[in-house]
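The structure appears right after this line, and notes come after that.
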């Protein structure tokens, strides 16, 4: 059982225990624990615990409570401190690089009419950024952990890029990827010894061909979540999660247009772009975009600003801890919903909002930035109820779920069950919709409202 303040007086550590713990943690690996202020602070602070458990293969709880013995507890937590530390650091750096890549591509798209926007079979636009991010992240992960040890499930494939009439597009993607990878040393990562060829870029993209499932370890990547927002100069996200035995164990969200400061949200994106252009990137007021990340069972989530031009990334790059909002009064809460009406029912969520007493206007945001908004405390509720026939994909939720939960929030389906990430690329068995809240009180009210009104809905 983690140490909490009420019983701290009965669990004072002896000098011998402190010495043993410091030896076991091995401070030679300081870069792996740098995302935490101090080891003792982690062990001695009050820890928040989610009210629900994660499931392995959707139903099996996989996390057992630690023993009552203080020394065993600290030993267990010191081991947890190291778990996934390297994976989280590399993932955060890869997503950070992807954010800078996307900023450059978006500026290019907004400054001129470009052929860099294509259409996919489902009629959603896909840009150079999607393929370039997928290739970049795939290459970075493979170099860091060994190509034979990396399995990735991602949204894009190489079919459109492999066609004969797409060679010009492939060249643009290759150039964009190489520009991004050339910045790897700024992040403490290794750059390719020579620029990647078009075939090597296609290979990196096509490597993301995992089918997921309940066993083993695989990464989940959405290279540009919210592509409509991207091409319109609005919000979008780069989402990367690591799933082990069907459970997301770390998540990273890159939000290039989501400012570090909440007060900037009141300004329209086009105005923020103008301010960003007029403000020096070396100025402290320049805070366009952020990267948010968390590791399962750490009880903490973090946010770092995007790297200023010409600066070197030093992990964890000015990261600060974030927490969900403490608001539990529905009349004061803000809820998020998708912008797109094609795969979400705004009328049903509006009815739910009214029935539980939500009075604020909904925050309609493209992409998984909605998860970031709740994790940071900018909003309290995210509701999504898809129209009949739409199937939720795991890359649209995995990273955001980990981050909200570790920031102190709750994410389930509309039946109160944990989301299932062990059935391939879709969230199979989803009960009606997805509900994410900053706390249990709001979550229970939304669940109750869904039960009361579902039969009268047309979903």
Positions within region 65-87 being modelled with pLDDT under 70 and in contact with a helix residue (DSSP H, G or I) (Cβ under 6 Å, 6 or more places away or on another chain), in sequence order
66, 70, 71, 74, 77, 78
Per the list (1) within 25 Å of residue 249 (Cβ to Cβ); (2) surrounded by fewer than 23 Cβ atoms within 10 Å (Cβ to Cβ); (3) at pLDDT below 95, residue check on residue 455 breaks on (1)
Odd one out for residue 414 among (1) over 23 Å from residue 448 (Cα atoms); (2) in contact with a helix residue (DSSP H, G or I) (Cβ under 7 Å, 6 or more places away or on another chain):
(1)
If a residue must be at pLDDT below 95 and at positive phi, how many such residues does region 367-386 contain?
1
So residue 144, is it modelled with pLDDT of 95 or more and buried (at least 24 other Cβ atoms within 10 Å of the Cβ)
no
When region 435-446 is examined, which residues are found to be surrounded by fewer than 23 Cβ atoms within 10 Å (Cβ to Cβ) and touching a residue at least 24 places away in the same chain (Cβ under 8 Å)?
439, 440, 441, 445
Would you call residue 115 modelled with pLDDT under 95, within 30 Å of residue 390 (Cβ to Cβ), out of contact with any helix residue (DSSP H, G or I) (no Cβ under 8 Å at 6 or more places or on another chain) and assigned by TED's automatic domain parsing to the domain that holds residue 195?
no
Look at region 390-407 and say how many of its residues are part of a loop (DSSP other than H, G, I, E, B) and surrounded by fewer than 23 Cβ atoms within 10 Å (Cβ to Cβ).
3
Using the structure shown, decide if residue 90 is modelled with pLDDT under 95 and either surrounded by 14 or more Cβ atoms within 10 Å (Cβ to Cβ) or under 30 Å from residue 296 (Cβ atoms) (or both).
no
Scope region 127-139; condition farther than 12 Å from residue 196 by Cβ and under 20 Å from the mean Cα position of the chain (by Cα); matching residues:
129, 130, 131, 133, 134, 137
Every residue in region 304-318 that is under 18 Å from residue 85 (Cβ atoms) and touching a helix residue (DSSP H, G or I) at 6+ places or on another chain (Cβ under 9 Å), please.
304, 313, 315, 316, 317
Is it the case that some residue within region 405-415 is farther than 28 Å from residue 125 by Cβ, free of Cβ contacts under 8 Å to residues at least 60 places away in the same chain and more than 22 Å from the chain's Cα centre (by Cα)?
yes
Qualifying position, being loosely packed, with under 15 Cβ neighbours inside 10 Å, in the same structural domain as residue 89 (by TED's automatic domain parsing) and out of contact with any helix residue (DSSP H, G or I) (no Cβ under 8 Å at 6 or more places or on another chain), among 194, 206, 151
194
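So that you can scan it fast, the table gives a plain yes or no per residue for (1) touching a helix residue (DSSP H, G or I) at 6+ places or on another chain (Cβ under 9 Å); (2) surrounded by fewer than 18 Cβ atoms within 10 Å (Cβ to Cβ); (3) assigned by TED's automatic domain parsing to the domain that holds residue 394; (4) not in a strand (DSSP E or B):
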{"residue": "215", "(1), (2), (3), (4)": "no, yes, no, yes"}
{"residue": "219", "(1), (2), (3), (4)": "yes, no, no, no"}
{"residue": "229", "(1), (2), (3), (4)": "yes, no, no, yes"}
{"residue": "251", "(1), (2), (3), (4)": "yes, no, no, no"}
Would you mind finding the one in 241, 191 that is closer than 14 Å to residue 94 by Cα and touching a strand residue (DSSP E or B) at 6+ places or on another chain (Cβ under 6 Å)?
241
Residue 387 fails exactly one of the following numbered conditions: (1) assigned to a helix (DSSP H, G or I); (2) more than 22 Å from the chain's Cα centre (by Cα). What is the number of that condition?
(1)
Pairs where the first residue, in region 157-172, is closer than 12 Å to residue 116 by Cβ and outside the structural domain of residue 136 (by TED's automatic domain parsing) and the second is modelled with pLDDT under 85 and surrounded by fewer than 18 Cβ atoms within 10 Å (Cβ to Cβ), C-beta under 7 Å, 6+ apart
none
Taking region 299-312, which residues are under 14 Å from residue 252 (Cα atoms), modelled with pLDDT under 95 and buried (at least 21 other Cβ atoms within 10 Å of the Cβ)?
306
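The values are calculated or read from the model by the stated rules, or taken from the named source; none is laboratory data. Here the structure is a predicted model, which means the values were calculated and not measured. Backbone-built Cβ (ideal geometry, glycine too); neighbour counts: all protein chains shown.
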